[in-house]
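Step one of this worksheet: look at the structure below.
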Amino acid sequence: MAAWIQSVSSIPVWVQTALLLTASNVFMTFAWYGHLKNMQTKAWYVAALVSWGIALFEYLLQVPANRIGATTLSLAQLKIMQEVITLLVFVPFVVLYMKQPLKLDYLWAALCMLGAVYFIFRN
């Protein structure tokens, strides 16, 4: 166990944060939008309860991610990292799971995000 903890602590903070936020975001995306495909015939409150259940796993990953990240990243950097990860998770979700077409607008949104990353992470 001690060797595992030591190996994890050797991973840069930003990588630990990004990995946890990515996993968190997968749960978030399914909690927010998965019911649109799978629960159309269910009452909204049933979909909300299922979404809350999924969101629990999101928070179990997101809270430690932000706590780890806050040791070396600013809040603005954490937020922009989260938004970039959201787009990186959302596009495959939309295309592969929701079966919607890939749009060029996702590229333009990603370019805007690159600008945000530049301004928030520059020294």
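List of remarks:
- When the range 111-123 is filtered for residues that are surrounded by 14 or more Cβ atoms within 10 Å (Cβ to Cβ) and either among the small types (G, A, S) or under 16 Å from the mean Cα position of the chain (by Cα) (or both), the ones remaining, listed by number, are M113, A116, V117.
- Filter pass, T17 being touching a Gly at 6+ places or on another chain (Cβ under 6 Å), polar (S, T, N, Q), modelled with pLDDT of 95 or more and assigned to a helix (DSSP H, G or I): yes
- Candidates L56, L96, L49, L88 - the one that is under 30 Å from R122 (Cα atoms), among the aliphatic types (A, V, I, L, M) and assigned to a helix (DSSP H, G or I): L88
- Residues in the range 71-96 that are within 21 Å of A23 (Cβ to Cβ), more than 16 Å from the chain's Cα centre (by Cα) and surrounded by 11 or more Cβ atoms within 10 Å (Cβ to Cβ): T72, L73, V95.
- Members of the range 9-59 that are within 18 Å of the chain's Cα centre (by Cα), of a type in the set (V, I, T) and exposed (fewer than 12 other Cβ atoms within 10 Å of the Cβ): V15
The values are calculated or read from the model by the stated rules, or taken from the named source; none is laboratory data. Just so it is clear, the model here is predicted, and its values are computed rather than measured. Virtual Cβ from ideal backbone geometry, glycine too; neighbours counted across all protein chains shown.
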